[in-house]
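Worksheet: the structure to be examined is printed underneath.
FYI, it's all coordinate maths here, none of it is from the lab. Since the model is a prediction, treat every value here as computed from it, not as a measurement. Here the Cβ positions follow ideal geometry from the backbone for every residue, glycine too, while neighbour counts run over all protein chains shown.
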Amino acid sequence: MKKSLAMIAVVMASAPAMSAPAPQPAPQPAPQPAQQPAASPFFGQWKLETGSMPMSGDAAPASVTAEFADGGAGIWNTTYVITAKDGSARRMTSRERLDGKAVPVAGDQTVADSVAMTTPSPGILVMGLTKGGTLASVRVYTVSADGSEMIENATFVGDDGKPMVSRFRWVR
């Protein structure tokens, strides 16, 4: 009997292991290319509904357009064109990083000579304008969920020295 037990022990020792197979590593998904951030809902051209302006008659412009474009490397190119009823146009441009730091305004500087912009969330843009080192206005733009409308709330100092807020509507 001792011989048969020894024989069983030898056979078992020489047999392949009967335990569960070693776990295999899970297949890894193929690396994905880095995703580009979604384009800003502000990008593109906007037209001001001039009826939303407080001025009327000859004082009101014939049209106002704003365009926000991706300038690459985190820079925005911003252009405003105000066209008078006689066809003359005032054009203002800037290139900003949306870091809240002032950059110069090129072109017409009737309203401002520098601008600082930031986006606290994707559908909100805050813009501060200065003229000669003095705050000229603060503007908060909000884009609608469907991207078809932009509302601007602009805070100015009125002729009486008191703050006033005007609301403007822009469409694509």
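List of remarks:
- Among the trypsin sites (Lys or Arg not before Pro) in region 85-162, those located in a DSSP loop and surrounded by at most 15 other Cβ atoms within 10 Å of their own Cβ are Lys85, Arg97, Lys101.
- Two-site label geometry, Val111 and Ser88: point separation in nm, points 7 Å out along Cα→Cβ: 1.7
- Rounded to two decimals, the Cα radius of gyration of region 44-171 over 2.2 N^0.38 Å is 1.03.
- Unit charges at the beta carbon, dipole of region 44-171: most positive-side option, Gly132, Thr142, Leu98: Gly132
- J(HN,Hα) series, region 45-52, from Karplus relation 6.51 cos²θ - 1.76 cosθ + 1.60, nearest Hz, glycine and proline x: 9, 10, 10, 6, 6, 4, x, 7
- Over all distinct Cα-Cα pairs of region 36-81, the Kirkwood formula returns a hydrodynamic radius of 12.4 Å.
- Cα-centred dipole magnitude for region 58-140, charges only on beta-carbon of K, R (+1) and D, E (-1), debye, nearest 20: 120
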